[in-house]
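Below you'll find the structure, written out as structure tokens, and then a few comments.
The values are calculated or read from the model by the stated rules, or taken from the named source; none is laboratory data. A quick note: this is a predicted structure, and the numbers were derived from the prediction, not measured. Neighbour counts run over all protein chains shown; Cβ positions are idealised from the backbone, glycine included.
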Amino acid sequence: MSRMMLPRDAGPWGACGGKPWDDGVFSTIKQIRVRLGDMNVIYGLEFEYMKSDGESVLSPIHGGTDGNEIHLVNLDSNDEFLIGISGFYGPVKGFDGLEAIVSISFHTNLRVHGPYGEERGAGYVSYSSTASSGKVVGFHGRKNGFLGAIGVHMEYF
């Protein structure tokens, strides 16, 4: 019986340009800090990871630091873990030609956190990493003053 090999990394989805970033792989994601602002885009994300030895690691802010609203997504229950993300990306109003992530939802094995940002329609592209069963163990993407693109590192079941 052959086993289908799935890619370990999904994405990134979003804008093509910007500076790449990659947090790597961790045993658990404890908390996500979503930075929002007046422009209804995701300004930036920051992650608190747990290493296999139990040490907590805080990522840099991926994107911009201007957001005046910070939403905390807590995944501190031993029973809850992240299984995927979804949302929309597209043009940033007032920034000619610049695209960024405009909304994001975090899917766990128990519920959906979000959406953060504004769900969009025409002119925006939807993305989702939730097609295969597994656990998100890290994030990667691109930043361009905002959160330009987002992808996940997966551990498949």
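Overview of values
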read-out	value
Scope the range 106-135; condition closer than 13 Å to Trp13 by Cβ and at pLDDT 90 or above; matching residues	Tyr124, Val125, Ser126, Tyr127, Ser128
Tally of residues being touching a residue at least 40 places away in the same chain (Cβ under 8 Å), more than 20 Å from Gly14 (Cβ to Cβ) and touching an Asp or Glu at 6+ places or on another chain (Cβ under 9 Å) across the range 47-73	1
Residue that is farthest from Leu75 (Cα to Cα), among those in the range 111-148 that are in contact with a Pro (Cβ under 7 Å, 6 or more places away or on another chain) and surrounded by 14 or more Cβ atoms within 10 Å (Cβ to Cβ)	Arg142
Residue under evaluation Asn109, criteria (1) within 19 Å of Lys19 (Cβ to Cβ); (2) without any contact (Cβ under 8 Å) to a residue 40 or more places away in the chain; (3) of a type in the set (S, T, N, Q), criterion not met	(1)
Restricting the range 24-54 to residues that are out of contact with any Gly (no Cβ under 8 Å at 6 or more places or on another chain) and assigned to a loop (DSSP other than H, G, I, E, B), the residue that is farthest from Glu155 (Cα to Cα)	Asp38
Residues that are surrounded by fewer than 22 Cβ atoms within 10 Å (Cβ to Cβ) and in contact (Cβ under 8 Å) with a residue 24 or more places away in the chain, drawn from the range 27-46	Ser27, Thr28, Lys30, Gln31, Arg33, Leu36, Gly37, Asp38, Met39, Asn40
Total residues in the range 112-139, condition hydroxyl-bearing (Ser, Thr, Tyr) and touching a residue at least 60 places away in the same chain (Cβ under 8 Å)	4
Flag for Gly67 being modelled with pLDDT of 95 or more, among the small types (Gly, Ala, Ser) and touching a Lys or Arg at 6+ places or on another chain (Cβ under 6 Å)	no
Any hit, the range 73-93, residues being under 17 Å from the mean Cα position of the chain (by Cα), under 23 Å from Arg120 (Cβ atoms), surrounded by fewer than 17 Cβ atoms within 10 Å (Cβ to Cβ) and at pLDDT below 90	no
Answer residue from the range 47-69, given it is of a type in the set (Asp, Glu) and farther than 23 Å from Ala100 by Cα and is surrounded by the fewest Cβ atoms within 10 Å (Cβ to Cβ) among those	Asp53
Condition check for Ala100: touching a strand residue (DSSP E or B) at 6+ places or on another chain (Cβ under 7 Å), under 30 Å from Glu55 (Cβ atoms) and hydrophobic (A, V, I, L, M, F, W, C)	no
